[in-house]
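Okay, so here's the structure we're looking at.
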Amino acid sequence: MLTASYGHEIAILNEISGEADYIAYDTIFLRGVGASIEGAKLLEVSGEEGITAVYRAGKCYVIRRITTGNGYHDRVLVFNPTDSPVEVDVAFSYSTPFEDVLEADWGRVERHPLREGNTLVWKGADGRVRRLRIEEKSGKITVAPRSTEMCFLRATPSVEGGYPIAPPLPAGIKLDFLVPRAEPYIGGMAARDLERLLVRVDGNLFPLAGIPYFAAIFGRDSLWTSFFLLDAFPELARGVLLTLARLQGRKMDERSEEEPGKIPHEYRFGELCQAGRIPFSPYYGSVDSTPLYVALAGEYLARTGDRGTVRTLRESLTSAVGWILRRLEEGEGYIRYGRGLLENQGWKDWKGSIPDESGEQAVHPIALVEVQAYAYWALRLAGELGLTDLDEEMLLKTARGLRERFNRDFWTDGHYALALDGRGRAVGVASSNMGHVLITGIADRVDETAERLFRPDLFSGLGVRTLGTEERAYNPMSYHNGSVWPHDNAIICLGLLRAGKVREARMLARAQLKAFRALGKIPELFAGFSEPVPVPYANCPQAWSAASALAMLRVLEVEENES
């Protein structure tokens, strides 16, 4: 699968079938776009700066070039190197489903767009009119000797009607300044990935989460992405904070899981999402986005001194900290989640991704180890830096109490537990989640935690696995139960560095970069084997993965003697 992207527009090419899909505004406007060239055989396909496929048809060469940007552009160039004219038949085939990108998982809707000349028109359940103007040149063409002829398919989408926030537009920023001179290969790869995902939302910089199916506004992903780049690119954190404040929860809504002060999990522009049939406009089912939002604001202020932006966010930050305090009280001292639309609501949010020792999903309501650490981080920074209208000493006292409870209740079997389950029992499986506590300052057991992360069951030699190999639920090809995630490892790496474990931080960074070189990319995740094995469904590019590579490159610039 190869992708071409421009802002929220994405083309996806299936390399086996040669067919492409085109997505814009979270809508699949075109599906299965094929370019049929009589007698053509595929020679080469690549996806750098658009998608290019090279074919041989008889003695002619055929170059198919797919790009996006103000629409889908599919050009077929036929070059005739001979001294005689050649006749070639070029035909495009496709369907126009006008389908919400999430529809496959929520039940498909049959649509019959109307045709107005060369434009297809569909009025959706959300009341918005979506249009697709199609221009095509195809059929039998005669290519003169030593000449080139072109056929093409162009499809230009539009949506009538506004949104609470504007659809993302390409930022058009080159990120070469993020690339360390000592590592141009991986650094350049990471910068190019981020350039494809960096957009402006109502003028503010923002990283879309990933391509192809996460080219949307995500809370958790954008917060970590901008944190990883905070020192070198603080403008991104500013844009993320301002954008997420616009979408912050203001009321109680059981279906979308909105709550006052809560930062959203994701926001989508598709028809069924906007109509409320799929609850992603926005959806609030994450318990870590809100404390991470406050923590990022504190870290941003500490690094930049930009009190003007933080003053602008003061009401939003007060509301977010209010949510943290409320959930700590409701959860008897911890932030917990029950079974909602998503079974799990930390970063490991897939079904069964919080397993207990038996290998089964832990019993709800669940208090995740890293979420309590993030809450401490947020409360401490809010109190120390005066981020809110709330009493600062009260916030610091609450943070100290949380830290004391946490180190008492979560420490089990020589490491921090993955979670406390609905029975109040520590889920003692060995997981990467424990590594997140190091960056927040909540952990008393720093040395033991650092040592535990590098035991062979968790450390593969290429990174820390999401779940230890001795656990019943371990599966190295799974999404969250034994795979290796770059962003997860970057959090651990930066936490080790912050905790003074420079040697361990550098070792982990080197392991991750070794994996990226072997894979030839920086994916969402890869398998938990001791050898670099890709996971077929992993998104690439993925914003927090690319940003994590740049963060770990900076870790390697830290002198060993600082440890």
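The values are calculated or read from the model by the stated rules, or taken from the named source; none is laboratory data. Quick caveat: nothing in here was measured; it's all calculated off a predicted structure. Cβ placement follows ideal geometry from the backbone for every residue including glycine, while neighbour counts extend to all protein chains displayed.
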Legend entry - In the range 393-409, the residues that are among the basic types (K, R) and surrounded by 17 or more Cβ atoms within 10 Å (Cβ to Cβ): R403
Inset, instruction - Sort out for me the helices (runs of 4 or more DSSP H) sitting completely within the range 456-563 that have 1 or more residues that are under 28 Å from D413 (Cα atoms). - result: 486-498, 502-519
Inset, instruction - Would you please name the residue that is nearest to L114 (Cα to Cα), looking only at residues in the range 136-180 that are acidic (D, E) and surrounded by 13 or more Cβ atoms within 10 Å (Cβ to Cβ)? - result: E136
Inset, instruction - Scan L178, L153, L102 and give me the residue that is in contact (Cβ under 8 Å) with a residue 24 or more places away in the chain and not assigned by TED's automatic domain parsing to the domain that holds V76. - result: L178
Inset, instruction - Those residues that are without any contact (Cβ under 8 Å) to a residue 24 or more places away in the chain and more than 32 Å from the chain's Cα centre (by Cα), I need them from the range 23-58; list them, please. - result: G39, A40, K41, L43, Y55, R56
Legend entry - Which listed residue is part of a strand (DSSP E or B) and crowded, with 22+ Cβ neighbours inside 10 Å, from V76, V54: V76
Inset, instruction - Considering each of D221, D202, D193 in turn, give the residue that is in contact with a Gly (Cβ under 8 Å, 6 or more places away or on another chain) and touching a residue at least 24 places away in the same chain (Cβ under 8 Å). - result: D221
Legend entry - The lone exception for S256 - which of (1) hydroxyl-bearing (S, T, Y); (2) in a loop (DSSP other than H, G, I, E, B); (3) surrounded by 23 or more Cβ atoms within 10 Å (Cβ to Cβ) it fails: (3)
Inset, instruction - Count, please, the residues in the range 273-296 that happen to be assigned to a helix (DSSP H, G or I) and farther than 16 Å from D231 by Cβ. - result: 8
Inset, instruction - Starting from the range 478-507, keep only residues that are closer than 22 Å to D356 by Cα, then list their pairs with residues that are among the acidic types (D, E) and assigned to a loop (DSSP other than H, G, I, E, B) whose Cβ atoms are within a distance under 9 Å, requiring at least 6 positions of separation or different chains. - result: H480/D349; N481/E471; G482/E471; W485/E524
Inset, instruction - Identify all residues within the range 257-303 that are under 30 Å from R108 (Cβ atoms) and acidic (D, E); write none if there are none. - result: E257, E258, E266, E271
Inset, instruction - Name every residue in the range 34-51 that is under 16 Å from I12 (Cβ atoms), part of a loop (DSSP other than H, G, I, E, B) and in contact with a strand residue (DSSP E or B) (Cβ under 7 Å, 6 or more places away or on another chain), in order of residue number. - result: G47, G50
